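Notes follow once the structure below has been shown.
The values are calculated or read from the model by the stated rules, or taken from the named source; none is laboratory data. The structure displayed is predicted, hence computed values, not measured ones. Note that we place each Cβ from the backbone using ideal geometry, even for glycine, and neighbour counts take in every protein chain shown.
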Amino acid sequence: MNLLNLYFTPFATMLVLIAIYVSEPDPRPKYISLGILVASLVVNHWFSRNTYRFVGWASRLKVIQIWLTFLWSVLLAYLLIPYWAPMWLLLTMPPVTAALYQGRWQTLAAGMVCGLSVLGMYYLRQLSVGMPLGAEHWGQAFCQAAFIPTLSLFVHALAQTALRMRDMTR
């Protein structure tokens, strides 16, 4: 989890803070988003400090962290995507985490759940404003949704290649 915390946590924090600062969302989504961000940082810090303390539970704690990351990401993206379109990038984090610690099928499942969540967010947002999205917007949404499992499977393949290379040098 250290590599993920080193790169993805600062990226996610930056993404949320820039979205709030630049796009100036309404007060309610702004403060809810800040609360979710702080909660996710505290919980993520606890997991990174304690995952290996509970050796027998380490693999289960990693799975829990993947799905907690999904929960934080989908909530933040849903709240802020009307104000800042790149928020969908938060949903790349859970399947990339799965790619490093889970098998290929679990990685694909996490990627598909996150990709479908992007489509679901766009659908719910179009309903909430009462204005259907056009073909161009849906095309972009499908490309974003397809990117997520593709990226996670790519990272999984890289991780597996690194493990094979490490094992060959022993």
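In table form, for the structure just shown:
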read-out: Test: residue in segment 19-28 that is among the aliphatic types (A, V, I, L, M), surrounded by 18 or more Cβ atoms within 10 Å (Cβ to Cβ) and either under 13 Å from the mean Cα position of the chain (by Cα) or part of a helix (DSSP H, G or I) (or both); value: yes
read-out: Selection within segment 29-47 - surrounded by fewer than 16 Cβ atoms within 10 Å (Cβ to Cβ) and either in contact with a Lys or Arg (Cβ under 8 Å, 6 or more places away or on another chain) or of a type in the set (Ser, Thr, Tyr) (or both); value: 31
read-out: Residue within segment 22-32 that is in contact with a helix residue (DSSP H, G or I) (Cβ under 8 Å, 6 or more places away or on another chain), without any contact (Cβ under 8 Å) to a residue 60 or more places away in the chain and among the hydrophobic types (A, V, I, L, M, F, W, C) present; value: yes
read-out: When residues of segment 35-79 are limited to those that are assigned to a helix (DSSP H, G or I) and of a type in the set (Phe, Trp, Tyr), the one nearest to residue 93 (Cα to Cα); value: 70
read-out: Where a residue in segment 35-51 is closer than 17 Å to residue 7 by Cα and its partner, wherever it lies, is surrounded by 17 or more Cβ atoms within 10 Å (Cβ to Cβ), with Cβ under 6 Å and at least six apart; value: 37/16; 40/72; 47/65; 48/1
read-out: Candidate set: segment 52-67, residues that are surrounded by fewer than 17 Cβ atoms within 10 Å (Cβ to Cβ) and either closer than 12 Å to residue 40 by Cβ or of a type in the set (Lys, Arg) (or both); chosen: the one modelled with the lowest pLDDT; value: 53
read-out: Pair list, Cβ under 6 Å, 6 or more apart: segment 113-131 residue within 23 Å of residue 68 (Cβ to Cβ), other residue among the aromatic types (Phe, Trp, Tyr) and part of a helix (DSSP H, G or I); value: 118/88; 121/78
read-out: Sole exception among (1) aliphatic (A, V, I, L, M); (2) modelled with pLDDT under 95; (3) assigned to a helix (DSSP H, G or I); (4) surrounded by 14 or more Cβ atoms within 10 Å (Cβ to Cβ) for residue 162, by number; value: (4)
